[in-house]
1. Residues in the range 71-87: is at least one in a strand (DSSP E or B), within 13 Å of the chain's Cα centre (by Cα) and in contact (Cβ under 8 Å) with a residue 60 or more places away in the chain?
2. Residues of the range 99-125 being in a strand (DSSP E or B) and of a type in the set (S, T, N, Q), which ones?
3. Looking at the range 149-161, which of its residues are more than 12 Å from the chain's Cα centre (by Cα) and either without any contact (Cβ under 8 Å) to a residue 40 or more places away in the chain or under 15 Å from Q56 (Cβ atoms) (or both)?
4. In the range 143-170, what count of residues is obtained for those that are surrounded by fewer than 21 Cβ atoms within 10 Å (Cβ to Cβ) and in a loop (DSSP other than H, G, I, E, B)?
5. Look at the range 110-120 and say how many of its residues are touching a Lys or Arg at 6+ places or on another chain (Cβ under 9 Å), of a type outside the set (G, A, S) and surrounded by 12 or more Cβ atoms within 10 Å (Cβ to Cβ).
6. Taking the range 51-78 as the region of interest, how many residues are closer than 28 Å to I118 by Cβ and of a type in the set (F, W, Y)?
7. Quick check: anything in the range 94-109 of a type outside the set (A, V, I, L, M, F, W, C) and over 19 Å from Q56 (Cβ atoms)?
Amino acid sequence: MLSKYSFRKSVLLFTTLVVVMVGITVAITPVNVSEAYSKNWEDHKGWIFGPISSIQNNKEGEPAWILSGHWVTNIINKTKDSFNQTNPAKFDSWINMVMLNGSAMHKHTISNFSLSDINSQDNTTSYKGTVTITMREGPVKEVPIEIKVMDNHVIGLSLDATKTDNHFGDTPIYGIIPPKADIVKMMSHMGNKTKMDMSRENKTSQ
């Protein structure tokens, strides 16, 4: 059984890991999202994106996995009436997952979001629907997901454990919603990168 000192030391370690991950992920998020959406960034104005930075439990309920990555969506601060066939609700995420000892590094992607319900209470808004998530055996479709946004600063992803064989443990996958000013800077970066890419393509084709 862990002593109080050992327990506090473990909590401090995990907290430090999360802080470090947030710093690293925030730094690389603009680059990764820019690469994914640079060709049509103009179509994604009003979208919000940010880092995934989370520690997940194993099947025994103990911290075992570090998750780092990024997410992008157009659903935050919207209602169901905001979306239609030509402007569907979207949520995508790219996640790296590794054990605390550095082993078993692998990736997951979340895509094909289909919105079914939005519910708000106090400072928390819940967006329910289904997604496709890549697993070792291949893509798993129509996985129920609940995306919670807390005070417009934190995002939590809860995936159906039966569909994913409890792969992500018994707690949500957490991420951060960057300040609006930072998002504007990221979008500006994406726009500048797109213009430079188009300029290079035009010069190459001449």
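1. Yes: one or more hits.
2. T109, S111, N112, S114, S116, N119, S120, Q121, T124, T125
3. Correct list: M150, D151, H153, L159, D160, A161.
4. 12
5. 4
6. Of the residues in that region, 1 qualify.
7. No, that holds for no residue.
So that you can scan it fast, the table gives a plain yes or no per residue for (1) buried (at least 18 other Cβ atoms within 10 Å of the Cβ); (2) modelled with pLDDT under 95:
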residue: E35; (1), (2): no, yes
residue: G46; (1), (2): no, yes
residue: N58; (1), (2): no, yes
residue: W71; (1), (2): yes, no
residue: N77; (1), (2): no, yes
residue: D92; (1), (2): yes, no
residue: A104; (1), (2): no, no
residue: H108; (1), (2): yes, no
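The values are calculated or read from the model by the stated rules, or taken from the named source; none is laboratory data. Note that the coordinates shown come from a computational prediction; the quantities given were computed from them, not determined experimentally. So basically every Cβ, Gly included, is an ideal-geometry build from the backbone, and we count neighbours across all protein chains shown.
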